[in-house]
Structures are given as structure tokens and as C-alpha cells.
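A short worksheet on the structure shown next.
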Amino acid sequence: MATKIQAVKGTREFYPEQMALRNFINDKVRAASESFGYTEWDAPFIEPIALYAAKSGEELVKKQSFVFTDRGGDEVTLRPELTPSLARMIAAKQGELTFPVRWWSFGPFWRYEQPQKGRAREFFQWNIDLLGADSSEADAELIAVAATFLRSVGLDPARAAIFVNDRRLMISQFDALSIPPEKRIEVSNLVDRRSKMEESKWDASALELGLTQSQLDGLKSILGNYDLWKESAELVRLFAALDVLGVKEYVKFDPNIVRGLLYYTGTVFEAFDVSGSVRRAILGGGRYDNLLADVGGQPLPAVGFAMGDVVIGIILQEAGLVPEFSPSPASVLVTVFDDSLRLQSLALTTELRRAGINAMVYPEPAKLPKQFKFADKMKMKVAVTIGPDEAANGQVAVKSLRTGEQVIVTREAAVGTIQKILA
């Protein structure tokens, strides 16, 4: 008995319906990116493990990535993220590129994580970055790109929100509480887990980290102050820019957004589905002005974000926002009445394609009801038949599959008739 070979755990098989969703997301990503003037790019799918070790540590990379030794003895990995590749490529051409650079990409990535709802080991990710600009307006532009995408897929502000904070503001608040620099990463990680913990357990964890009761009370006061952004000149400018960019209704200040305190240098933001079942972030990013530090480039301010396709795909399906699936891109089926008329059917199909109409011919002679049933299942709009009578009189039968109406027209009028039905 043959062994049944399954797909690798955590990967996804894209049947046509799943592929249509992936392409829908990709198309909306492209439209949002290009509407703001961003140019598409990409990097190798396989990279040296050393490229990521500088940022994350080699052991962490090995645990979270698909790592192997190639035949030349080099340790390489399927790329788990894009930022290190971006840094290398920008540094290599830093003297030639015209800044500010606006780049975007949508490609595959791999991480050796535990598969669960909203997380897979193989996924597609949108990366978009603005390099060479250090301003609140640049940060606002990236947030506006994200909001433009959310709007384009039908997620209104009641369904999706982008939460914003600023590392500089939080550092100043930590300073005011006398939280020492060496504890800030741990405190930030604890803040990030706050919504997932009972309050008493969260308080106990904060005290275990070494915070005093006074510092804990002060921290909780900060995390509950949603007007705190008014104390940040950068965030005041950011919200003013978001207002004129027409996306302010999507954006809210949240002092609990503390992602990447070690990595980000200014604005940070995450988007969430605020009314559905998915609790993972749709996208996240921020300002990271130390991009080229590990690859020998000159200092370069940068801001960007990333969005995986898994979470947004689930949200769109749950919200009923995925376009109706069409099993075939062809609008017209040309039937094959019998073997003697096979070439005439092929010739008509060719004419339709040359006229810009997606058309397919049934691959072999078969009973017409069977061919019509196939066309209906494929959700085609028109079926065309050349039978013996039509062939003898230089005619074709054109049937609208939506109305069931059939007309007999001359061979010369066939294309025009079909175009009118499809219009």
C-alpha cells in the first residue's frame, strides 16, 4: 500500500479558492503601496544564518527558523523576516540610491513556530518601509498606508483600529518613575502581557521584577492615561498629520503598545481587529533609526511595518469580506458538439480570446447538458454551441447562463453578441 505523504506541518496548500484570497490580499497591498508612491522589491528566500544572528542571536534564530547546512558547508536559513536583508541591500547601494527610499514587498517567509489560529510556519508578509526621512509626517504616512489598506478591504474603524505609542514618551515616563534602564525591557515585556493576565497576577509579577509599590502604582497610572500623547510633541504632530491624511478615525493612542522597546526608536503602532475572534495583531511597525548599524552602513532614519497574510485572511473570511470565488477566470465556454466540429469550436475560442474575452473550449465531445452543467459549476456567463445546423448555415448558438435565453446569430456576429451579454 502506498504511503500517504502529508504536507509539512505548519505549511498551507493553496487550492484555487485559497489562492484567490491570497491574490486578493496581494492586490490590495499593491494598490495601497503604490497609491503612496512605493516601489516593489524583494530579497533572496534563502539567507546566511549570520545575517539574523546579529539582531536576534544565533541560538534564537536556530530555534525559530528553518536552518540547514548546504552542500558547501554553509549554515543557511529560509528567511524568517525581511529587515536584515533590507539593511544589507540598502547599505550596499547607499551611495547610489535616491533618498528618501519608499519600498514595499509581499513574499513568503518561514518560522519554526507552533501552528495555531493566526499563526503558521509558512506565511506571506507585506513589508513596507520609508528610509531617509526623520519626521512625524513620515511616520504618519506609513500609518496612513496601513489605514488605506484596511479601508480598501472593507474593514471600517468600527472593526479595525491602529493603536499608536512612542518609545521616547515611554522612556521619559520610566525616567519619571526612576525605573532603571536595565529593567525597562522586562517591564515592557510585562506591559505587553498585561491584557492576557489577571490583574493580581500581573501586579505580583511587576513586584517580582523589582518594582516598588510606588513605581507599580505610577506605571498603572501611565498605562491608563489615554491623554498622555498630548505631552509628546512628536505624537501631537503625528495626529495632526493623520487628520489631514484622512485616516485619523482609524488611529488611537494606547500607552500599552510597547512593542520592540529595544529595536524601535520612536513611534510604534499595531493594528487589531477590535470586534472579531482574532486577538493577534493584524500588522505592526514603527520608527527604527538604527537600521544599518549592524551591517556597516551610514546612519539612516527609517519607519515601516509588516503584515502577515494569515491573520488578515481569517478576519476577512469571518467578516464576510472575501469576494465571491469564481472557479474559472473564463466567462465563456465553447462547447464541442461532436468530433467533426471540434476544430470549429477551437477556432471560435481563439477569436474570443483575441477579442479580449477569457474563454475555454470543452476538451472533448460530450452531451450538451453535461457541458452546460460544467459551465454552470464554473460560474461562467455564456455557453456557445456550433452544432451541425449552425455549422451548415454559418451560425452559432449563444446562451446566457444567467437568464437561460439562447439566440442564434451569424458566425461574424458571435463575438459582438457575446461582448454585449458580458457587458
Inset, instruction - Return the only residue of Pro115, Pro100 being out of contact with any Phe, Trp or Tyr (no Cβ under 7 Å at 6 or more places or on another chain), surrounded by fewer than 20 Cβ atoms within 10 Å (Cβ to Cβ) and over 22 Å from Val67 (Cβ atoms). - result: Pro100
Legend entry - Count - residues of the stretch 158-189 that are modelled with pLDDT of 90 or more, aliphatic (A, V, I, L, M) and either farther than 30 Å from Phe239 by Cβ or assigned to a helix (DSSP H, G or I) (or both): 5
Legend entry - Selection from the stretch 260-295 of residues that are surrounded by fewer than 19 Cβ atoms within 10 Å (Cβ to Cβ) and charged (D, E, K, R): Arg279, Arg280, Asp289, Asp294
Inset, instruction - Return yes or no: is Arg342 closer than 17 Å to Leu422 by Cα and surrounded by fewer than 19 Cβ atoms within 10 Å (Cβ to Cβ)? - result: no
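So that you can scan it fast, the table gives a plain yes or no per residue for (1) part of a helix (DSSP H, G or I); (2) more than 30 Å from Pro80 (Cβ to Cβ); (3) free of Cβ contacts under 8 Å to residues at least 12 places away in the same chain:
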site	(1), (2), (3)
Leu316	yes, no, no
Pro323	no, yes, no
Ala330	no, yes, no
Phe337	no, yes, no
Ile357	no, yes, no
Gln371	yes, yes, no
Ala391	yes, yes, no
Val398	no, yes, no
Lys420	yes, yes, yes
Inset, instruction - Quick one: in the stretch 159-191, of everything that is among the β-branched types (Val, Ile, Thr) and surrounded by fewer than 17 Cβ atoms within 10 Å (Cβ to Cβ), which residue is nearest to Ala206 (Cα to Cα)? - result: Ile185
Legend entry - Filter result for the condition that a residue is buried (at least 19 other Cβ atoms within 10 Å of the Cβ), of a type in the set (Ser, Thr, Tyr) and touching a helix residue (DSSP H, G or I) at 6+ places or on another chain (Cβ under 9 Å), over Ser85, Ser135: Ser85
Inset, instruction - Taking only the stretch 366-381 into account, find how many residues are surrounded by 13 or more Cβ atoms within 10 Å (Cβ to Cβ) and either touching a Lys or Arg at 6+ places or on another chain (Cβ under 7 Å) or of a type in the set (Lys, Arg) (or both). - result: 2
Inset, instruction - Identify, from the list Lys377, Lys399, the residue that is at pLDDT 95 or above, among the basic types (Lys, Arg), within 31 Å of the chain's Cα centre (by Cα) and not assigned by TED's automatic domain parsing to the domain that holds Trp104. - result: Lys377
Legend entry - Selection from the stretch 1-21 of residues that are touching a residue at least 12 places away in the same chain (Cβ under 8 Å), part of a helix (DSSP H, G or I) and surrounded by fewer than 16 Cβ atoms within 10 Å (Cβ to Cβ): Pro16, Glu17
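The values are calculated or read from the model by the stated rules, or taken from the named source; none is laboratory data. Only a predicted model underlies this, so the values are computations on that prediction, with no experimental measurement involved. Using ideal geometry, Cβ is built from the backbone for each residue, glycine included, and neighbour counts are taken over all protein chains shown.
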